[in-house]
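A quick write-up on the structure given underneath.
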Amino acid sequence: MTTATAAAAPVLSDVAVASTGWSARAVRFAAIVAQLALLLAVFWLFRLEEPAFLVLSATVFGGFAVSYWLPLAWKEPFFVALCIGGAFLLSEPAVVLAVVSLLTLVFIVARMKASYGLRVGLIGGLLICLTIGRQVTLPGLPPALWPTIGAVFMFRLIIVLYDLRGMKEAPSFTALAAYFLMLPNFYFLFFPVVDYQTMRKSFARRDVGEIAQSGVQWIVRGTLQLMLYRVVLGMKGELEPSNITSFMFLVKGMVVTYMLYLHVSGTFHIIVGMLHLFGYDLPETHRRYLLASSLTDFWRRINIYWKDFMMKVVYLPVFFRLRKSGPVRAQLIGTAAVFLATWALHAYQYYWLTGRVLLSGPDIAFWAILGSWVVVNLALEIRARERGVQPAPGRVTVVLKTAGTFVAIVVLWFMWSSPTLSGFLDQLTYWKVG
Amino acid sequence: MTVDEIKSRLRDYVLEHHLRGEIAANLKDDTPLRTSGIVDSLGTIEMVTFVEDTFGIELEAHETGVEHFDRIEDLAALVSGKLATR
């Protein structure tokens, strides 16, 4: 999104805000604050996450109480100030200063009156230097420095680099800071890949009070998932691989392993909900992924932001490059490229967060199997669409497909979570191992 | 071709191919298509082909992101801009 468009949105939304009476806004504010207070009590009572999560939540909820009453033009600068100030509460000062300095460097390069190629080269070079620098461990360097730099820049820098090409005007510092320095990122290092254009476009797209209320709903949904995760985690303790002695035990272990993903989907909902409180009307990150009716459907429902990221930087560019040689071929190659990139970028993410290179058999097998399956599914889907309108599948078919997909994913996930492929096979043949 | 005419054609296309059976009035110009899951990756490719064939324009990969392809009003603005500079 260009800065020109970004500047236009608040004007429209100011009208929307102004059309709501002061008393109606006050009532809505009181209702949202009451819900946030209840949520904070739940976080505290159930010790939902680490203690720093309470600091994050209190900062975000308190920030909302101020942001709500600010004129629209001030909301985003306030959000940036809150993020930078709050980051000092969640991270060591050296970490925050390093992140803000790097962002300033990115901003300067993005604003340079130079060709797109040169700006990409400079920012890409910075990313490569940082990736190599990840290996540096000097005495006195905060342990959170590299993982935080990685969490903030490793993927979002790629997205901004890609988007710079289509921008008519360079992004403002506020826009970049709001994007890179989102406060939840300083607590949740495993963060969704938010799309820059989507975030810019979503800001104050409708009444900010309505957006904030939907944010509360996202936070509630995320909280419920995290509470469920706690239950699942408790069950996981009993299900050590060495304890598997029966088929039912194996099934339970597999399902529980998959359900641990509730932690990821739960935190993503909370993060996006928190961003809603400041006017970012972002789309959902997961769409009832347990009800996927095919592996392609599963890929489209789970971690939607990742899927959209891959579609943007891999699938569509590959498709456009190859489509003259046949659109179907281009789509299938584009999809295969997406899974290759997903595998490589997950290893890249693992490297940023841990400092170690991820090269494991189960990881390679998981992405290879899932990718091949989705490519085959896609080919069948394309053929079906070419044949014209297909009758909608009956309820029984949908139920069977959903159950089959769930089983396939549970088994694949169990394999992915195993330390080695032989360990996975040992668990499947527990009666032989004993 | 006016922006309203472009929107009308896009709306008809979305209703026929992605929202079969839906009441036309429910599809607004600002209804999210990509971010709501109405249009998936396959649907995006089909939509690109439709837009190029219908309006006689050529799109580039970076123009097919959510900034243009999520809402009818955004896509109509892109098409209108391309038609104007042709």
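Just checking, does segment A:394-402 include any residue being within 32 Å of the chain's Cα centre (by Cα), closer than 20 Å to B:Gly43 by Cβ and either in a helix (DSSP H, G or I) or within 14 Å of chain B (Cβ to nearest Cβ) (or both)?
yes
How many of the residues making up segment A:336-385 are more than 18 Å from the chain's Cα centre (by Cα), without any contact (Cβ under 8 Å) to a residue 24 or more places away in the chain and open to solvent by less than 50 Å² (accessible area, probe 1.4 Å)?
So the count comes out to 3.
From the list A:Leu97, A:Leu72, which residue is crowded, with 20+ Cβ neighbours inside 10 Å and either in contact with a Cys (Cβ under 9 Å, 6 or more places away or on another chain) or more than 15 Å from A:Met182 (Cβ to Cβ) (or both)?
Exactly one residue qualifies, and that residue is A:Leu72.
If you go through segment A:321-335 one residue at a time, how many are polar (S, T, N, Q) and open to solvent by less than 20 Å² (accessible area, probe 1.4 Å)?
2
In this structure, does B:Arg9 turn out to be open to solvent by 20 Å² or more (accessible area, probe 1.4 Å), within 12 Å of chain A (Cβ to nearest Cβ), touching a Ser or Thr at 6+ places or on another chain (Cβ under 9 Å) and over 23 Å from A:Thr335 (Cβ atoms)?
No, not satisfied.
Here is a list of conditions, (1) modelled with pLDDT of 90 or more; (2) on the phi > 0 side of the Ramachandran plot, and A:Gly388 meets all of them except one; can you say which number that is?
(1)
Can you list the helices (runs of 4 or more DSSP H) found entirely within segment B:31-86 that contain at least 3 residues being more than 13 Å from chain A (Cβ to nearest Cβ) and over 16 Å from A:Lys307 (Cα atoms)?
Counting at least 3 such residues, we get B:41-55, B:72-84.
Looking only at residues that are touching a Lys or Arg at 6+ places or on another chain (Cβ under 8 Å) and either open to solvent by 30 Å² or more (accessible area, probe 1.4 Å) or within 13 Å of chain A (Cβ to nearest Cβ) (or both) in segment B:12-30, which one is modelled with the highest pLDDT?
B:Asp29
Name the residue, out of A:Phe247, A:Phe309, A:Phe319, that is more than 11 Å from chain B (Cβ to nearest Cβ) and of a type outside the set (Lys, Arg).
A:Phe247
Could you say whether any residue in segment A:53-69 is in contact with a helix residue (DSSP H, G or I) (Cβ under 7 Å, 6 or more places away or on another chain), open to solvent by 20 Å² or more (accessible area, probe 1.4 Å) and outside any helix (DSSP H, G or I)?
No, every residue in segment A:53-69 fails to be in contact with a helix residue (DSSP H, G or I) (Cβ under 7 Å, 6 or more places away or on another chain), open to solvent by 20 Å² or more (accessible area, probe 1.4 Å) and outside any helix (DSSP H, G or I).
The values are calculated or read from the model by the stated rules, or taken from the named source; none is laboratory data. This structure is a prediction, so every number in the text was calculated from the model and none was measured. A quick note on method: Cβ atoms are made from the backbone with ideal geometry, for glycine too, and the neighbour counts reach across all protein chains shown. Side chains are part of the model used for accessible areas, which takes the heavy atoms of the whole protein and leaves out ligands, DNA and RNA. Shrake-Rupley method; radii C 1.70, N 1.55, O 1.52, S 1.80 Å.
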